[in-house]
Amino acid sequence: MVKKKIEKNNEYYREKYLRYIPTAFCPGCGNGIILNALVRALDRLVENGQLNMKNLVAVSGIGCSGWITSPYLKADTLHTTHGRAIAFATGVKLANPKLNVLVLTGDGDGAAIGGNHLIHAARRNIDMTVILVNNQVYGMTSGQTAPTTPYKAITTTTPGGNPEHPFDLAKLVEGANGSFVARTTVAHPRHIQKLIEQAITHKGFSFIEVKTTCPTYYGRRNPPKDPPSMVKQLKEITSRTDPNKIPIGVFKEEQRPTFYEQLMSIKKVKTEEE
Amino acid sequence: MSGKKVFLLGNHALAKGAIAAGCNFVTGYPITPASEVLEQISLEFLNYPDRVYIQMEDEIASIAALIGASWAGAKTMTATSGPGFSLMQENLSYAYMTETPLVIAVLQRSGPSTGQATLPGQQEFYQARFGAHGDYEAIVFSPWSVQEMFDLAIKSFNTSEELRHPVILLADGEIGHMRENMVLPDPEEIKIVNRRRPKTVPYPPFQPDEDYIPPMPLFGEGHNLLITGSSHDSNGFRNADPELHRKNLERMKKKVQTRIDQLTDYHSELDPRGDAEIILISFGAAARPTYHAVRKLREEGIKTDFLRLRTLWPFNDKVIGSFLEGKTHAFVVEMNQGKLVREIERVGNKYGVKSVLVGKIGGVVHTSKEIIQKVHSELKKAD
Ligand code: SF4
């Protein structure tokens, strides 16, 4: 029997992977691009037999990024308290290692209030994929400064320009010994998709920083204000090769035992001794 | 009860009780006087290939991981003390809202703040009830012996699983660090309750049965669960509708309140001569010298009842009231400046009973002599 090839149009992805749309994201927000890339990545993994959607648990925190998977993604979802998504996800993964755990977090959620959980999950090499959506600002609470806001940028709480310098999150997670570390932007949707596929199939702690646009609360006060130019700017300031630009791509990919594997190996030693 | 006689540290008994109850996922962050619970669990779990102990980066992460693990099917616990318990409160509120079973053992020490970190106290009576934000029912048990550290650990798990509700095991440093004889029951004799599971897939995560308890679907079973701490309908969809929110919270309250007689367990010993004039009421470590004081007072000819609360919350006004009725005085012995006494007073006022605090702070348990003196001086005033 010849399998009829299904045409994968938007309708297909919507039906199969989303609970409902339209989303509540503002016009011009990058979150929709990330959701789109995510479902395409999931579909590819399912098709390749590398993922069973039944085993996927999408954990998210508080902030606009948290909505990418909850409520929209048709999968098991856990929408947690602010900053704690990675800590909740650690419990999910260790209690049932068969599950594929995906975390959607933002820069405020994952790098400010939840920064501690980020570095410790990386250090432990908990087998999960963290997509950190970096819009450089607190969007949901209407535009306050974040630990990722550029120096001198204007936000509602830095009206005279941000006196702080932002985190380099990829470097932070590398330093914390995450085993897969990458960065991309919403100006590179296919790259997002590819990185998500790589990250989910990578065994261990995988981290993707996706630089995105928040025209409503960041763009409003900082040039270039309109959504298309913001995306264009992301393309211009990042590069896979030019050392003078913000690097994107995979910075680290290393195979080492996960926390769970280490824990189980300790137990085996103990039972053999007895 | 048949079983094995052992001489154990309170905190180790608590750990063994949790393990006997089927606890297979424990997180923790070191804190006096709870650390021995975590140490014992991490040691004993080496013998269980599928049980996980992980020391998290802080107490916030500890309870967060429990919630995630519980939805993945684990029976979970953490152990802490007052300061760590404070850090857990936000996520505890999340657990109430999402009806997530988990157990928090709190070994009370003397605060506020770092206070007398190595000395026992009973100051979290209200933190255990009202510490988290929002409007919810709390279930809190209180052990007074090493035996009860074991027994109530099991009861905490069974209750949490049955009601799909967090349970607080509110012990104190005195009992946690005490060594005592106890009986480890034979495993076949231990009654274990596991959460009710839905019969269909997909099942809405917040769809209750008629007895107000929602069966619990788990991650990885094909339910496409939508779990959120925001106001939600039975499917888990966010919905801030006033009626929906009211109904949901009222149901969660009924879930606990309709079982109040099953949940509340009090240890009482009435004066054998009957018609006691006074009653001494206490819980946890403070109940031990209280028990002794009651015997002495009886010997002196003062007819005295003894009441010890094994369940601190929910508070069973009706049953407590039946003990207070007909008394002139209720003496409430506790290691703080007056917490349980407020509840006793509230109920006792209906019966014209004078509630008297026998409080003690400073990290030292009362002597029975101190309690007796307070009773004497108060009764003298009344003459
Ligand atoms: S506030 Fe910003 S990040 Fe949030 S949905 Fe709107 S544009 Fe997107």
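The values are calculated or read from the model by the stated rules, or taken from the named source; none is laboratory data. These figures come from a predicted structure and were not determined experimentally. Because the Cβ atoms are built from the backbone with ideal geometry, glycine has one as well, and the counts that use them run over all protein chains shown. Heads up: the accessible areas ignore ligands, DNA and RNA and are worked out on the full protein's heavy atoms, side chains in. Shrake-Rupley method; radii C 1.70, N 1.55, O 1.52, S 1.80 Å.
Cβ-Cβ below 8 Å, separation at least six or inter-chain, first residue in the range B:85-105 and more than 10 Å from chain A (Cβ to nearest Cβ) and part of a helix (DSSP H, G or I), second among the acidic types (Asp, Glu) and crowded, with 24+ Cβ neighbours inside 10 Å: which pairs?
B:85/B:59; B:85/B:124; B:87/B:59; B:88/B:59
What number of residues in the range B:98-119 are touching a Ser or Thr at 6+ places or on another chain (Cβ under 8 Å) and open to solvent by 10 Å² or more (accessible area, probe 1.4 Å)?
5
Evaluate the range A:125-139: report whether one residue or more is more than 16 Å from the ligand (Cβ to nearest atom), open to solvent by less than 30 Å² (accessible area, probe 1.4 Å) and more than 24 Å from residue A:186 (Cβ to Cβ). Can you show your working first?
From the range A:125-139, those more than 16 Å from the ligand (Cβ to nearest atom) are A:125-130; that's our starting set.
Still in the running and open to solvent by less than 30 Å² (accessible area, probe 1.4 Å): A:125-126, A:128-130.
Checking the rest, the ones that are also more than 24 Å from residue A:186 (Cβ to Cβ) come to A:125-126.
Among the residues of the range A:125-139, at least one is more than 16 Å from the ligand (Cβ to nearest atom), open to solvent by less than 30 Å² (accessible area, probe 1.4 Å) and more than 24 Å from residue A:186 (Cβ to Cβ), which makes the answer yes.
Could you count how many residues in the range B:43-65 are part of a helix (DSSP H, G or I) and open to solvent by less than 10 Å² (accessible area, probe 1.4 Å)?
So the count comes out to 6.
Working only within the range B:1-42, note down all residues that are buried (at least 20 other Cβ atoms within 10 Å of the Cβ), in contact (Cβ under 8 Å) with a residue 60 or more places away in the chain and part of a strand (DSSP E or B).
Residue satisfying the conditions is B:8 alone.
Of the conditions (1) open to solvent by 10 Å² or more (accessible area, probe 1.4 Å); (2) of a type in the set (Val, Ile, Thr); (3) more than 14 Å from chain B (Cβ to nearest Cβ), residue A:266 clears all except one; give me its number.
Unmet for residue A:266, out of (1) open to solvent by 10 Å² or more (accessible area, probe 1.4 Å); (2) of a type in the set (Val, Ile, Thr); (3) more than 14 Å from chain B (Cβ to nearest Cβ): (3).
Among A:122, A:37, A:87, which is the only one that is modelled with pLDDT of 95 or more and within 16 Å of the ligand (Cβ to nearest atom)?
Values: A:122 fails: within 16 Å of the ligand (Cβ to nearest atom); A:87 fails: within 16 Å of the ligand (Cβ to nearest atom).
Among A:122, A:37, A:87, only A:37 is modelled with pLDDT of 95 or more and within 16 Å of the ligand (Cβ to nearest atom).
Take residue B:81 and decide whether it is within 15 Å of residue A:263 (Cα to Cα) and more than 9 Å from chain A (Cβ to nearest Cβ). Step through it out loud before you land on a result.
Numbers: within 15 Å of residue A:263 (Cα to Cα): no; more than 9 Å from chain A (Cβ to nearest Cβ): yes.
For residue B:81, the condition - within 15 Å of residue A:263 (Cα to Cα) and more than 9 Å from chain A (Cβ to nearest Cβ) - is not met.
Can you find even one residue in the range B:228-251 that is surrounded by fewer than 16 Cβ atoms within 10 Å (Cβ to Cβ) and assigned to a strand (DSSP E or B)?
Yes: the range B:228-251 contains one or more residues that are surrounded by fewer than 16 Cβ atoms within 10 Å (Cβ to Cβ) and assigned to a strand (DSSP E or B).
Does residue B:225 qualify as being surrounded by 16 or more Cβ atoms within 10 Å (Cβ to Cβ) and in contact with a strand residue (DSSP E or B) (Cβ under 6 Å, 6 or more places away or on another chain)? Reasoning before the result, please.
On the way: surrounded by 16 or more Cβ atoms within 10 Å (Cβ to Cβ): yes; in contact with a strand residue (DSSP E or B) (Cβ under 6 Å, 6 or more places away or on another chain): yes.
Against the criterion (surrounded by 16 or more Cβ atoms within 10 Å (Cβ to Cβ) and in contact with a strand residue (DSSP E or B) (Cβ under 6 Å, 6 or more places away or on another chain)), residue B:225 qualifies.
Considering the range A:54-87 alone, what residues qualify as being closer than 22 Å to residue A:217 by Cα and at the interface with another protein chain (Cβ under 7 Å from one of its Cβ atoms)? Steps first, please.
Keep residues of the range A:54-87 that are closer than 22 Å to residue A:217 by Cα, which gives A:60-70, A:82-83.
A:70, the sole residue that qualifies.
Looking only at strands (runs of 3 or more DSSP E) that fall completely inside the range B:265-310, which ones have 1 or more residues that are open to solvent by 30 Å² or more (accessible area, probe 1.4 Å) and among the small types (Gly, Ala, Ser)?
B:266-269
Name the pairs: first residue in the range B:115-138 and farther than 21 Å from residue B:359 by Cα, second residue in a strand (DSSP E or B), Cβ to Cβ under 9 Å, at least 6 apart or on different chains?
Correct list of pairs: B:137/B:313; B:138/B:167; B:138/B:168; B:138/B:312; B:138/B:313.
Would you please list the contacts, defined by Cβ atoms under 9 Å and residues six or more apart or on different chains, that run from a residue in the range B:271-293 that is at positive phi to a residue that is surrounded by fewer than 19 Cβ atoms within 10 Å (Cβ to Cβ)?
If the second residue must be surrounded by fewer than 19 Cβ atoms within 10 Å (Cβ to Cβ), the pairs left are B:274/B:303; B:275/B:303; B:275/B:326.
Within the range A:40-69, track down each residue that is of a type in the set (A, V, I, L, M, F, W, C), touching a helix residue (DSSP H, G or I) at 6+ places or on another chain (Cβ under 8 Å) and more than 16 Å from the ligand (Cβ to nearest atom). Lay out the reasoning, then the answer.
Start the filter on the range A:40-69 by keeping residues that are of a type in the set (A, V, I, L, M, F, W, C), which leaves A:41-42, A:45-46, A:51, A:53, A:56-59, A:62, A:64, A:67-68.
Now drop any that are not touching a helix residue (DSSP H, G or I) at 6+ places or on another chain (Cβ under 8 Å), which leaves A:41-42, A:45-46, A:51, A:53, A:56-57, A:59, A:62, A:64, A:67-68.
Correct list: A:41, A:42, A:45, A:46, A:51, A:53, A:56, A:57, A:59.
Quick one: which residue in B:208, B:187 is open to solvent by 60 Å² or more (accessible area, probe 1.4 Å), more than 14 Å from every other protein chain (Cβ to nearest Cβ) and either among the aliphatic types (A, V, I, L, M) or touching a helix residue (DSSP H, G or I) at 6+ places or on another chain (Cβ under 9 Å) (or both)?
Numbers: B:208 fails: open to solvent by 60 Å² or more (accessible area, probe 1.4 Å).
Every option except B:187 fails the conditions.
Sort out which residues of the range A:154-172 are away from the ligand (no atom under 13 Å from the Cβ), closer than 18 Å to residue A:63 by Cβ and either among the charged types (D, E, K, R) or open to solvent by less than 10 Å² (accessible area, probe 1.4 Å) (or both), and write them in order of number.
A:169
Here is a yes/no grid of residues against (1) within 20 Å of residue A:77 (Cα to Cα); (2) in contact (Cβ under 8 Å) with a residue 12 or more places away in the chain:
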site	(1), (2)
B:200	yes, no
B:210	no, no
B:225	yes, yes
B:231	yes, yes
B:234	yes, yes
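Does residue A:23 fit the bill of being within 16 Å of the ligand (Cβ to nearest atom), in contact (Cβ under 8 Å) with a residue 24 or more places away in the chain, of a type in the set (S, T, N, Q) and farther than 21 Å from residue A:183 by Cβ? I'd like the intermediate steps shown before the answer.
On the way: within 16 Å of the ligand (Cβ to nearest atom): yes; in contact (Cβ under 8 Å) with a residue 24 or more places away in the chain: yes; of a type in the set (S, T, N, Q): yes; farther than 21 Å from residue A:183 by Cβ: yes.
When the stated conditions are applied, residue A:23 passes them.
List every residue pair whose Cβ atoms lie under 6 Å apart, where the two residues are 6 or more positions apart in sequence or sit on different chains, the first residue falls within the range A:125-147 and is at positive phi, and the second residue, located anywhere, is hydrophobic (A, V, I, L, M, F, W, C) and within 10 Å of the ligand (Cβ to nearest atom).
What qualifies is A:143/A:137.
Working only within the range A:8-20, note down all residues that are in a loop (DSSP other than H, G, I, E, B) and either within 8 Å of the ligand (Cβ to nearest atom) or of a type outside the set (S, T, N, Q) (or both).
Residues of the range A:8-20 in a loop (DSSP other than H, G, I, E, B): A:8-9, A:19-20.
Across the range A:8-20, the qualifying residues are A:8, A:19, A:20.
When residue B:182 is evaluated against the numbered criteria (1) surrounded by fewer than 24 Cβ atoms within 10 Å (Cβ to Cβ); (2) on the phi < 0 side of the Ramachandran plot; (3) in a loop (DSSP other than H, G, I, E, B), which criterion, by number, is the only one it fails?
So residue B:182 meets the others, but not (3).
Is there a residue in the range A:43-52 that is open to solvent by 40 Å² or more (accessible area, probe 1.4 Å) and closer than 18 Å to residue A:104 by Cα? Can you show your working first?
As a first pass, look at the range A:43-52 and keep what is open to solvent by 40 Å² or more (accessible area, probe 1.4 Å): A:44, A:46-50, A:52.
If we keep only those that are closer than 18 Å to residue A:104 by Cα too, we end up with none.
The answer is no; no qualifying residue exists.
For the range B:327-337, does any single residue satisfy the condition of being acidic (Asp, Glu) and open to solvent by less than 20 Å² (accessible area, probe 1.4 Å)?
The initial filter retains those residues of the range B:327-337 that are acidic (Asp, Glu), namely B:334.
Keeping just the survivors that are open to solvent by less than 20 Å² (accessible area, probe 1.4 Å) gives B:334.
Taking every residue of the range B:327-337 in turn, at least one turns out to be acidic (Asp, Glu) and open to solvent by less than 20 Å² (accessible area, probe 1.4 Å).
If you go through the range A:91-109 one residue at a time, do you hit one that is at the interface with another protein chain (Cβ under 7 Å from one of its Cβ atoms), under 23 Å from residue B:222 (Cβ atoms), surrounded by 24 or more Cβ atoms within 10 Å (Cβ to Cβ) and free of Cβ contacts under 8 Å to residues at least 24 places away in the same chain?
Yes, the range A:91-109 contains at least one residue that is at the interface with another protein chain (Cβ under 7 Å from one of its Cβ atoms), under 23 Å from residue B:222 (Cβ atoms), surrounded by 24 or more Cβ atoms within 10 Å (Cβ to Cβ) and free of Cβ contacts under 8 Å to residues at least 24 places away in the same chain.
Could you tell me whether the range A:11-31 includes any residue that is at pLDDT 95 or above, open to solvent by 10 Å² or more (accessible area, probe 1.4 Å) and under 20 Å from residue A:208 (Cα atoms)?
Yes; the residues of the range A:11-31 include at least one that is at pLDDT 95 or above, open to solvent by 10 Å² or more (accessible area, probe 1.4 Å) and under 20 Å from residue A:208 (Cα atoms).
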